[in-house]
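Let me begin by presenting the structure, written as structure tokens, before commenting on it.
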Amino acid sequence: MAIPTKFLLPLIYTNKTIKEVLGIQDKLLKKYRDDGLLSFHQVGDKFWYTHDDVQQFLSKHYYPAFATAS
């Protein structure tokens, strides 16, 4: 049984898709790149982000829950 495409994550993200995934605007995305927080690949004036780039970025900024269930 095949997995429906809407559940598959892309392997490569463009600026447009990465902004949608992270819920950010152009300026913040540029800041993440300029500050070295988010890895990217550049060809000419196009930026590309791999799934691994995004996973690495999110892992670096992960904070586990500290509240305990009552």
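Bear in mind that the values in this text are calculations on the coordinates, not laboratory data. It should be emphasised that the depicted structure is a prediction, and the values quoted were computed from it without experimental measurement.
Below is a table of values for the structure above.
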| read-out | value |
| --- | --- |
| Hz values of 3J(HN,Hα) by residue in the stretch 46-54 - Karplus curve (6.51, -1.76, 1.60), Gly and Pro given as x | 9, 10, 10, 10, 8, 4, 5, 4, 5 |
| Prolate/oblate/rounded label for the stretch 21-64 (Cα gyration tensor, a/c 1.5) | prolate |
